[in-house]
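*Asks:* Structure below; questions to follow.
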Amino acid sequence: MFRYVDFMTNEYTAMYERSLGDPDAFWADAARGIDWIKPWHSVLDRDATPAARWFVGGEMNTCYNALDRHVSGGRADQAAIIYDSAVTGVIETYTYAEVLDRVARLAGVLAARGVGKGDRVIIYMPMIPQAAIAMLACARLGAIHSVVFGGFASGELAVRIDDCEPKAIISASCGLEVNRTIEYKPLLDRAIEIATHKPDHCIIYQRDMLVADMEPGRDLDWAEEMASAVPHDCVPVAATDPLYILYTSGTTGQPKGIIRDNGGHAVALKWSMQNIYDVSPGEVWWAASDVGWVVGHSYIVYAPLFHGCTSVLYEGKPVGTPDAGAFWRVIADHGVVSMFTAPTAIRVIRQHDPDGALMAGHDLSRYRSLFLAGERLDPATLAWSEEKLGVPVIDHWWQTETGWPIAAASLGMGTVPVKPGSPGPPVPGWDMAALGPDGVELPAGEIGALCVRLPMPPGSLPTLWNAGQRFVDTYLSGFDGFYETADAGYIDEDGYIFVMARTDDIINVAGHRLSTGALEEVLMSHPSVAECAVIGVADAVKGQLPIGLLVLQVGVEQDNEAVVRDVVAAVRDQIGPVAASKSTAVVKRLPKTRSGKILRGTIAKIADDDEWKMPATVDDPVIFDEITEVLGTLGYPRR
Ligand code: COA
Ligand code: AMP
């Protein structure tokens, strides 16, 4: 269903050109969508370092914009959050007034325990409304939250505790996966034990299905604290103050703490709901993601609430809770007009229900559009979704760093047509270029480094937590005057962006961003492992899966199978089950160039059954025979 028309003639073009021609005026207009305590003196400070800053001098409060102003403005009784838990069968609706009441009281609890503006609070929770309430309570106080995805294990949590040094941690007794209960509290206790920094308090939400053991003095029971809490008012913060830190995979085991500011974030996200997603205040919107990811921050919690929408918070999976019709049931039951998920979720639904038979019986008449992001949308999944749902299916491209979409065939600015294989033209505010290795802009159609011409629009990261130099080195140093996305791709003659591959060692597993470097660090920590390589290989459902190849120490008696078992368990234990790192094998040697670089790309091509050529610089061509054989024992290439 390829509907190409000349997009250069529509409303989008006018907006796009204005956003680049006069960004100050464009974003000052958009900022009218937000309530300010004090106006800014400078819309954009281009001279700020390490990156330009938006709405400098302005003061506001993010929680006020998400809740209070809607309660006083006539939405008190409108649903703000619909919690739909397919794993427990519970459905609860929280009005704006109810969410505000809980958020103000939790802010009171935190304040009474000494948490104030600028203090960090880690939130380690499953997909329950209390997670969103905790985020908003921090925002209310001007405290900086850092949500850690529940699928990460103690090791990853400990790294984050040491990096952001939280005064408090908010968690729950457990999360629920399809076939097991995840006990969060022992994972949290272990992380605090490993970490050097210790929080003063942990506030634990005890779920009915599992009551966690508490450490007297440190741990506080959410329900008990809330019962006696004094509601706390919004604390004014500078537009440039941090709202949150969200850690994302870098090229080492040390994740990058992406900082989001308050003012620019609120302006960009509020603007995006209407202009990109075409969703209006009062409508029901659903981002089927997790609050632990940027999609959850931006489009489960903040953007829909800034815009006065109802946001569905879904605790469940696309399949298995109970079946591949779960998404269609949620859309129908709650009158969802538009939803957002990752292509992997659609692929797994399609795998279980290729004919879309489970859509039958669900009233999807109010449903208007499907947005997909987080990984490349393959044209087959796009075509299947368009055909089965009969609504526009929009691929859009963004990153934890940017906080909101860089490219999209936006629905709220007239018709921006879809081109399969492309997440669309750049969204207003994003000045894009594909650059060659010498930093020169490439002609249409040529693959290069996809970069954003500075300054970036509001909402994108101003720097990294505790790592200003790393921010410059990682994103700004490669090409003078540009932010480097670390995605490679091209821009076609119509301005459409095609994202082809990462330029670093990040792989994308079921929409989760993982660093092969971080996985290799875990494998290398095993005493028997002398050398290793982790490679991302194609997977029909998850997009990519990691494969680990180990070279063992010589001169020591080894039980290869035991080492493999140990390292698989270590990844699960230190990084978490989401790494899905199950395919690991021992090899005698790894193929390398004469200068010692492991030929990961060639190994991936063999595993993916792609055409590959013997690299001219390889030190020993025979080695590929063994690699091919070992990949075969792991089931690669898939037939
Ligand atoms: N807490 C604890 N464990 C978690 C978890 C969480 N929040 N989320 C996932 N896990 C576990 C799973 O139980 C699984 O464990 P297992 O190895 O014991 O089976 C493992 O981590 C891998 O999980 P996942 O990658 O989710 O695979 P899956 O087979 O359970 O489900 C999909 C596959 C496609 C259904 C699922 O990955 C999905 O819905 N992905 C969408 C991702 C997404 O929304 N990304 C955000 C960007 S929009
Ligand atoms: P994350 O920071 O986890 O959101 O991951 C961001 C990365 O996911 C991007 O840099 C891309 O590599 C990939 N990605 C996200 N959306 C898309 C998309 N629509 N098409 C292709 N790749 C995408």
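Derivation of every value follows stated rules applied to the coordinates shown; laboratory data play no part. Note that the structure is a prediction, hence the values are computed from the model and not measured. Virtual Cβ from ideal backbone geometry, glycine too; neighbours counted across all protein chains shown.
*Asks:* Is the stretch 510-633 rounded, prolate or oblate when judged by the Cα gyration tensor, a ≥ b ≥ c being the square roots of its eigenvalues, rounded requiring a/c under 1.5 and prolate requiring a/b larger than b/c?
*Replies:* oblate
*Asks:* Of the listed pairs K256/K582; K419/K597; K588/K613, which have alpha-carbon separations greater than 29 Å here?
*Replies:* Beyond 29 Å: K419/K597.
*Asks:* Can you give the FRET efficiency to the nearest 0.05 for D620 and Q553, using r as the Cβ-Cβ distance and R₀ = 25 Å?
*Replies:* 0.80
*Asks:* Put a dot 7 Å past each Cα toward the Cβ at E561 and A357; how far apart are the dots in nm?
*Replies:* Once both label points are built, they end up 4.0 nm from each other.
*Asks:* Within the stretch 527-559, find all residues whose amide N lies under 18 Å from a label point positioned 7 Å from the Cα of R589 along Cα-to-beta-carbon.
*Replies:* What the label zone holds, given the 18 Å backbone N cut-off, is 530-533, 549-555.
*Asks:* Going 7 Å from the Cα of T196 in the Cα-to-Cβ direction, what parts of the stretch 113-127 have a backbone nitrogen less than 20 Å from that spot?
*Replies:* Answer for the stretch 113-127: 120-122.
*Asks:* Let me ask something else about it. Can you list residues from other chains, or at least 5 along the same chain, whose modelled amide H is less than 5 Å from the amide H of D261?
*Replies:* The list, which skips near neighbours in sequence, is L243.
*Asks:* Right, here's the next one. Using only the Cα atoms, work out Rg/Rh for the chain, with Rh taken as the Kirkwood radius, to two decimals.
*Replies:* 0.95
*Asks:* Then there is this: Return the FRET efficiency for the residue pair A569, S280: r is the Cβ-Cβ distance, R0 is 45 Å, and the value is rounded to the nearest 0.05.
*Replies:* Once rounded, the FRET efficiency stands at 0.35.
*Asks:* What aspartates and glutamates sit close enough to K592 to cross-link, taking a C-alpha to C-alpha distance under 16 Å and skipping anything fewer than 8 places away on the same chain?
*Replies:* E531, D619, D620, D625, E626
*Asks:* Related question: So which helices of the chain fit the span-like rule, where a helix is a whole DSSP H run, its Cα atoms reach 20 Å or more along the axis, and its mean Kyte-Doolittle is at least -1.0?
*Replies:* Span-like helices here: 96-112, 560-574.
*Asks:* Determine, from the Cβ-Cβ distance of D323 and D609 and an R0 of 30 Å, the FRET efficiency 1/(1 + (r/R0)^6), rounded to the nearest 0.05.
*Replies:* E(calc), rounded to 0.05, equals 0.40.
*Asks:* Could I ask something else about it? What whole-number distance in Å separates the alpha-carbon centres of the stretch 289-356 and the stretch 584-639?
*Replies:* Taking the Cα centre of each part, the stretch 289-356 and the stretch 584-639 sit 38 Å apart.
*Asks:* Also: May I ask you to order 437-449, 162-174, 572-584 by the average number of other C-beta atoms within 10 Å around their residues, highest value first?
*Replies:* Output ranking for 437-449, 162-174, 572-584: 162-174, 572-584, 437-449.
*Asks:* Beta carbons within 10 angstrom, averaged per residue: use that to sort the peptides 329-339, 492-502, 238-248, highest first.
*Replies:* 238-248, 329-339, 492-502
*Asks:* For each pair in K542/K605; K185/K317; K167/K270, compute the distance between the two Cα atoms and list the pairs where it is over 26 Å.
*Replies:* Result: K167/K270 exceed 26 Å.
*Asks:* Please state the shape class of the stretch 239-354: rounded when a/c is under 1.5, otherwise prolate if a/b exceeds b/c and oblate if not, all from the C-alpha gyration tensor.
*Replies:* oblate
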